[in-house]
Structure formats: C-alpha cells, structure tokens
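Data first, discussion second: the structure below is written as structure tokens.
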Amino acid sequence: MLFNSIPFLVFLPLVFALYWGPASKSLRRQNLLVVAASYVFYGWWDWRFLLFIAAGSLWTYALGLADLRGARGRKRWVWLSCLVNLGILGYFKYCNFFIDQFLWMASRLGCAPHAAILQVVLPVGISFYTFQMVSYTIDVYRREIEPTKDGVAFLAFVAYFPQLVAGPIERAANLLPQFLAPRKFDYAQAVDGCRQMLWGFFKKMVVADNCAVWANSILNAGAEPSGGALWLGIFFFAIQIYGDFSGYSDIAIGCSRLFGIRLMRNFAFPYFSRDIAEFWRRWHISLSTWFRDYLYVPLGGSRCAMPLRIRNTFAIFLVSGFWHGANWTFIAWGLVHACCFLPLLVFGRNRKHTDVVAAARAWPSPAELLRMAGTFLVVLLAWTFFRAPDIRTALDWIWRMASGAPGQGALLSGLLTSVKSLAAPGGICLLVATEWFGRRHAHGLQRLPGRKALRWAIYCALIALIFFFSPSQSREFIYFQF
Amino acid sequence: MRRFIVQISLFLALLLGLAAGLATVCLAFPARFLPDDDYNMAWLDKVRRLEATCGAPQRLILIGGSNLAFSLDSERLAREAGWTVVNLGLNAGLGLGYALATAEPYVRDGDVVVLVPEYGQFADWDGDFNRIAITIDVQKQPASALYRRGMYGLPDQLAEYVKWKSFNLFRRKTVFTDATLRRSGFNRLGDYVGHLGKPSPGFEVARAKDVARLDPAIFRALSRYVAAIKTRHPQASFLVSYPSFEARSFDNQRAWIEAVARELARLDVDVVSAPEDYRFEAELFYDSAYHLNAEGRRLRTERLLRDLAKWQAGRRAGLPADGP
C-alpha cells in the first residue's frame, strides 16, 4: 500500500480508530493490531512477501530466545542468524548481479558457461527490515538490549507499517521498548505528527513527483542531452530524490506519532550542509548510523591508525553504495563520496560542522553560502552515478557536463508548456524557503504561527497545492526499490 | 483524544466544504473557454449523426476510440459497401462504457454495431475525466446526466476534472487535448481527415502491458450490454474488429492482445477480424501507435471492408462467422 494512495486514506483512520478505541484497553491488543495492520499494509503489494517477513521475524526472535537461555556458542548463533537474514537479502537483491559478473569474467577468460538469469522479484522494503532484524541480533549479542520474550511486540517491531518499506531503519533499543510499554495519546504529538505528514506529502507529491517529470524528460530522452540540459536534469533528480525519500520519512515519522511511537530522525536538511561529512550526518541518518555502529566501529572505527581509518571509511561508503542496489553505479556513487570525505578525514576536519548552519542568524554568511554550494555541487556529481543506468553513461554525462554546452532550448520549452509545469521550480522554492527557516527544528512545519486561523489557512493551502499540482499518476517512492 | 478528534473533524469538514463548493461550481457552470473548433466538440456532431440516422437501412455504428477517427475511411465503406456509417470514434479517454452508454438509446433493429476499442480500454472501462468534460462542457448537459450514465470511476474522474477546469477557468481560450487537432478536421461521417497528407510528428511506441491488469468485469459488462440491446432489438447485430496498431507496439503487447482476443471470442458477438490483420508497420502511422496516415488508413479500410463482406456472405448463407 502506498502512502499516497486512496486505500491508505481509508486504512490509516481505521487503524487509528481501532488502536485508540477497542484495542487501547490492553497493550497486547494494541500490538496485535499493529502486527495485523502492518501485514495488511505489506501484503497489499503481494501477499507472498508476508512469508519472508514472518519467517525472518520468527527466526530472529527464536534465536534471541535461545540467547536468553544462555545457550552455548552465542557467537555461532549470532553468525547463523545474520547469515540467514543477509543471505535471503543477498539472494533477492544480488543474485543476478553476481551471475552477470561471473558470466562476464568467464567470457573474458574465453569460456562460455551457460547460466540462466533468474526471474527474481525483490520483496519491497526487504533491505530495511532485514537490517532492523540484524541490528536486533547484534545488540542482543553485545548485551546492549535484553532479548524480548514478547513475540507479538517483536513482530510489531519488525513489521511496524509506517517505517516498514523505506525506513527509518530503527534500532531495537529505540523501537522495541516502545512496544513493551503502555502508550498514551498525546495531543501535541499527534498534531505535530499530522503536520509532519502533510509536509512529507507536499515534498513527495508536489516537489519530487514534478521534479521527476523534468529529470526523466531530460535524462531518459532518446537523443543525447547537452551538458547544460544534463546539469538541469541532475539538479532536478537531486531534488526529486530528496523530496521523495525525506518526504517518505516525514510521512512515516508523522504517522507513527499518531500511534504514540517515536521513530528516529532520518533527514536533517542535508542540502544545507557545509561539507560532505556534515552531509552524511544529515542524509539517511538511520542507514549511515547503522553502518557506523555495525560496520565502521567493529572494523576499528576512528580509533586506529590513519591507513586503517581510511580503509574503514571506504568500506562503509562502498557497502552503503552496494546496499542501494546491484549495480556498479551505486558502488561508484559510494566511491565518489568516500573520495570527497577522505581529505576531511586526513586533515581531521570531518567533525568541523556539527551545528546548524547560521544557527543564530537568519541568513548564511557568504563563506557558508559558498561552502553549501560547493557541497551541493559535489553531491550533484555523485548523483550522476546514482541516476545513470551504467558507468559508461555516467562518465559520458559527466564529460558533457564538464564541456558546458548550453541547455537544449527546445527541450525546455517543451517542458514549460503550462501552469502545471511551473510546479517543480515553484515547489523547489517553497521547499527551500520553508526548510531554511525551519532548519533548527525536526521538520519544515514544526514552527507555525500562533494564530489558529493562519495555521489552518497554511494547511489548506498545502493541501490545495498537493491536489492541484500532483501528477495524476501517483508514483512509487524511489527507495522502495532498494 | 476528544480534542484531537474534534479538531480533525472540524478541519476535514472545512476541507470537504471547500472541495464540494469547488466541484459544484465546476459541474454547474459549463466552461466558456472551449472554442467551437475544439477536437472534442466533434462529439456533438457524432451524436447528432447517430440520432439523425436512426432507422436508416444498413446502418453501421462504429464504437471505439481515436483509432476509428484517424484510421478509417468511412466514406469508402459507404461508397463501396453501401453502409450508412456513423463513426463514433473520438477519444479512448472517454472510456468504452461511456461510448456504449451514449450509443445505447439510438441502436435499432437492423443496425450493425462494430466494436473496435483500443487494447488499453480493456483495463479501464471508465476512461478518464474526459467523459465528465464532454457531458458538462461540450454537451452542456446537467451533472445528473453523469449519474444516469453510471457512477463508475466518477470520484477519480471528478478530481481530475476539477483540476483541469480550475486551471483553465481564467483562460480566454484553450483546447481540450491537442492544439493541432480540430473539430473542423472531421468529415461528415465522423472520420478525422485533418492529418491526411501531413508528415508524422513522431510517436511513442506502446510498452508491454501486464496481462494481470486485464479487467474481466469489462467483458462481463460488454456481454450484459449486448444481451440488453438484443432483448429490445433482436435484429441488431454486434461485431468485433480490432484497432490498427503499430507493429512494435503490437509485439510488445502481444500477450495482452491475445488475452483480449480470447475473452472477446467467448462473448455472444461475431468476431470478424484477427488482431494480427491490423498490425501495421511504423511508417504507416501518424502521431500515435493507433493513428494511421493516409496510406495506412487505405489499407485498414480495405481489410475492414473484406472482413465485413465475409461476415455478410456468411450471414446470407446462414453460416456462423468464421472468426479470426
């Protein structure tokens, strides 16, 4: 079920009413309802996906219980649990990639082996909930949390519908205790949750979906786009992916607050970052901290010699790229980020900007503005790899962008045909302005005028913008494919 | 909790009120911005001809989307086979359901109704907001006419319609679909001839369709439609032919087309053509994978003439139609 669909408009109020109505009498009933609702939400795509999530949850839960009984060979159990979970993920996500690479290498060596490409359908959100289960197993192994005996709460933790298919990737230490404790309805939380959802819908349906029209028209065009057009296309893609993914996260976090459950923050206005290190503290926070805690730190983190620190940094960026999909372009994307991060690491400047930009001022200084623009430019360059279908195309695009040929007038005038085509540039302006002035808060709409009439007028205006300017065909969220 | 419910309810009531007000304005006032020469205004001429030819001998009513408008020479059908042709093909966005509902009151004994829907129409009986716009803004009928023609798909279409109309409310003149297409481009039998002799502006090849999206309810609705008319007019005949379709698009959608053909063969209608017979090469098309140019149109008309002659011969001999 998509957040931006009619079934969800019916589903959410129904689950909300049952959750705070009949189910509110006991914690177990509320958790059972969360599990049932989450399975309906997930099964809406394909009921067969439920088999994987249910089997994975039960497997992880059972191994957690084995740990509770003080089973010997804990290390073996944790390895087994992680290998099974990551093995399933690897099969669905990377099987064909490795077959392809094997065939390519074999052909280079003069052999012609016969291997069929498998018709594998990737279950939606498998990368997200698998990582969540793996984090539980490792945290239990490290004794950072107690393994839970409450199976229903554990199933709710894995399948919790607001964040099931595209995160934030929650840690057991944050989410699981919330399913084990009674919840009380909090008016302020619920209202702010609704606002955050509204802002998320705006980012997704107005900004991202309209930017997608521009980006796809330029980057999917059969004719070879000029350098100028490519800059524009990649710019719109950068905004599209931010609006799409952070929009999803806002909807997920806001929706969860309606149920009295707090999810971790996933985006903190990353395009206002002053260097790449700051960008990665603000972009897809739940994934970057996951890799930090479960890969970077075990490898030695930053408490080791510089060569090892460099190796560790490259490891998390490359794995992070590969997590996004089975294509060399994603690995190249990670590599570009790692290379840009490297000078900051070597010169010890990677934690220089840990505060909010222009924290005590309304506007940034010229130096801050330059730093933000420079960082954004580097991020754009990296998005080129992310968006291109293959490495060769990405390099070709970058070559053209560097050549600086002007944009294709005909292409742009074709895009600017009606009032609706201004939705993307207009939406971007509104997004940037709102997020700039809201950058000290958790989301763009957290601080609104005190007068109720004015607040309601803002809500109505945003809803009108969503209604009038969202493309008629609703699009899936980009991160569902990962 | 109570406070939250009250506030949310009040806000939703406000929103609903605003939405209902906007929808009412859009439905109550026909657009003034549509020029008389708009492409979709041709629907008026088509319905008028349907009405005027009631009771004419050997009447052939063609129902489908723009494949019929662009890709058929009705004058030749009339000239060579003596049919009184009414070509209702205009826009697949109207939905097959709407086109059939429009024709229903005018079908008489002796009429031959040929169904030639675009393949995509078998996934979407309702069409898009075009049918509301045609009813309210072109035919200037009250909104109740929409209700009389069925409520299928109305909520979605209404939202799209309100968007479309609101965006155009303050414009002096606009067009419905494509600015290069005109009502004056149609001939008196309902064929679009404005594109003949013009170079192709290019078109998109249709992509593969997931056969799972084929809607069985559409075939049941078709079956009910045919049965209902045959009860009132037993001498009316229903035939099925296939739209002209560009070769690569056809190949991309072959599984879909075969599934459509299988379903149509089960209906109580005479299937007079085979889909493959109307698969044409790309150079015969104008601006879409369904719209033929002059040469393509000539070939398609010849094939339909042949299919209809074969069907007539079979009927005279008392044989069932050959089928594809």
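Quick notes on this structure:
- Candidates in region B:122-181 are the residues that are among the charged types (D, E, K, R) and in a helix (DSSP H, G or I); of these, the one that is modelled with the lowest pLDDT is B:148.
- Within the set A:98, A:102, A:92, A:131, the sole residue that is at pLDDT below 90, surrounded by 17 or more Cβ atoms within 10 Å (Cβ to Cβ) and hydrophobic (A, V, I, L, M, F, W, C) turns out to be A:92.
- Scanning region A:276-308 for residues that are surrounded by 21 or more Cβ atoms within 10 Å (Cβ to Cβ) and assigned to a loop (DSSP other than H, G, I, E, B) yields a count of 2.
- Boolean, residue B:79 is more than 14 Å from chain A (Cβ to nearest Cβ), over 21 Å from residue B:229 (Cβ atoms) and exposed (fewer than 15 other Cβ atoms within 10 Å of the Cβ): yes
- When residues in region A:186-216 are screened for being crowded, with 22+ Cβ neighbours inside 10 Å, of a type in the set (Val, Ile, Thr) and away from chain B (no Cβ under 14 Å), 1 of them pass.
- Taken together, the criteria exclude residue A:45 from residues that are free of Cβ contacts under 8 Å to residues at least 60 places away in the same chain and assigned by TED's automatic domain parsing to the domain that holds residue A:143.
- Criterion applied to A:10, A:40, A:35 was being touching a residue at least 12 places away in the same chain (Cβ under 8 Å) and either basic (Lys, Arg) or farther than 22 Å from residue A:182 by Cβ (or both), and the one residue passing it is A:40.
- Single residue of region A:250-268 satisfying the filter (within 14 Å of residue A:207 (Cβ to Cβ) and in contact (Cβ under 8 Å) with a residue 40 or more places away in the chain) that is surrounded by the fewest Cβ atoms within 10 Å (Cβ to Cβ): A:251
- Tally, over region B:1-13, of residues that are at the interface with chain A (Cβ under 7 Å from one of its Cβ atoms) and either over 18 Å from residue A:185 (Cβ atoms) or part of a helix (DSSP H, G or I) (or both): 3
- Selection from region B:113-137 of residues that are aliphatic (A, V, I, L, M) and surrounded by fewer than 21 Cβ atoms within 10 Å (Cβ to Cβ): B:123
- Residue identified as small (Gly, Ala, Ser) and either on the phi > 0 side of the Ramachandran plot or outside any helix (DSSP H, G or I) (or both) among A:173, A:166, A:215: A:166
- Residue check, residue B:55 part of a loop (DSSP other than H, G, I, E, B) and either farther than 27 Å from residue B:126 by Cβ or free of Cβ contacts under 8 Å to residues at least 12 places away in the same chain (or both): yes
The values are calculated or read from the model by the stated rules, or taken from the named source; none is laboratory data. None of these values were measured; they are calculated from a predicted model. Note: ideal-geometry Cβ built from the backbone for every residue, glycine included; neighbour counts use all protein chains shown.
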